[in-house]
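What follows is a set of notes on a single structure, which appears directly below.
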Amino acid sequence: MPNENKNIIAIDGPAGAGKGTLTKKLCEHYKFAGLDTGSLYRAITLCLIKMGTDMDKLDEQFATDVAERLSDTHEILTYAKNPEIRSQLTNKYVASVAKIPELRKIMRKYQTKFAINPPSLEDGTPAKGAIIEGRDIGTVICPDAPVKFFMTANAETRASRRLKQYLDQGETANYQEVLESIIARDEADRTRETSPMKQADDAIVIDTSINDKEQTFEMAKKIIKEKLNLE
Ligand code: CDP
């Protein structure tokens, strides 16, 4: 494909590490298009829940067929905009949907396309690059990305952020349960067979328990200047 986008930034890391916040700030700053790949898995999960699927005995073929249909019809984007993708119920089941190998293949196509040919920005101007965030972006989806970050933070910090998010959404939640569910999801994501969450060898680690939003942003900009020569 001519004019393939080469300005690709891969951001990986566990739940609540601050990937979304950094992606948003970088996209605004550099006029890049951003893709939150977690929202795609969440969208499929939400759709399955709304269909009344027995999520505790999930049929992998059925889930894969639903993912394919949502992706083909672009309905996945409608579900991805639904705030319910961030509910505790969706959080509970998303990792069991995301571990299905055939379903991940479908999502991989979607993500690669976005990286190579990012969509225009909301104001209609062409994107100057792509930022893709998830769990396997630097390792599987965009292994050649010139910039890779692996964001992390201790589980307690991440649980406090997630608790605040649930309360802000008007849900009832308690810290201990949120902490346990974050630890369980991290474990599921790290130990699954297909595309586990993993730090790429060439990724730069940013720990957001010790760096606040501004420090994180400044660290990322410094690396992007070095690697992509962008201000
Ligand atoms: O927002 P949070 O950091 O909690 O998670 P997310 O990025 O929205 O991802 C939700 C879930 O989707 C993860 O726990 C993974 O199970 C799955 N996921 C994945 O398997 N691969 C990705 N590239 C992104 C998310």
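The values are calculated or read from the model by the stated rules, or taken from the named source; none is laboratory data. All values derive from a computational prediction rather than experimental measurement. Virtual Cβ from ideal backbone geometry, glycine too; neighbours counted across all protein chains shown. These accessible areas exclude ligands, DNA and RNA; they are computed on the full protein's heavy atoms, side chains included. Shrake-Rupley method; radii C 1.70, N 1.55, O 1.52, S 1.80 Å.
Below, the figures for the structure above:
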item	result
Residue-wise HN-Hα coupling along the stretch 28-45, computed from phi with Karplus coefficients 6.51, -1.76, 1.60 (Hz; x: Gly, Pro)	5, 5, 9, 6, 9, 8, x, 10, 8, 5, x, 5, 6, 5, 5, 4, 5, 4
Rounded to the nearest 20 debye, dipole of the chain from Cβ charges on Lys, Arg, Asp, Glu	380
Separation of alpha-carbon centers, the stretch 1-28 and the stretch 99-155, rounded to whole Å	7
The stretch 115-231: Rg to Rh, with Rh as the Kirkwood radius over Cα pairs	1.01
Flagged links, alpha-carbon separation over 20 Å, of 19/198; 92/164; 25/109	25/109
The chain: relative contact order as a whole-number percent, Cα under 8 Å and 6+ apart	34
Span per principal axis, largest first, for the Cα atoms of the chain (Å)	49, 41, 35
Charge dipole of the chain about the Cα centre (unit charges at C-beta), most positive-ward option of 139, 188, 98	139
Surface accessible to a 1.4 Å probe, per residue, for the residues of the stretch 124-231, Å²	54
Rounded if a/c under 1.5, otherwise prolate or oblate - the stretch 1-70, Cα gyration tensor axes	prolate
Mean ellipticity per residue at 222 nm, deg cm²/dmol - from DSSP H runs of n ≥ 4 across the chain, formula -39500 (n - 2.57)	-16500 deg cm²/dmol
Accessible solvent surface per residue of the stretch 1-76, calculated while the other protein chains remain in place, 1.4 angstrom probe, Å²	44
Of all accessible heavy-atom area on the stretch 84-231, the percent that carbon and sulfur account for (1.4 Å)	52
Long-range HN-HN contacts of residue 149 with modeled amide H, under 5 Å	10, 11, 12, 204
Cα-based convex hull, the stretch 87-134, per residue volume (Å³, whole number)	95
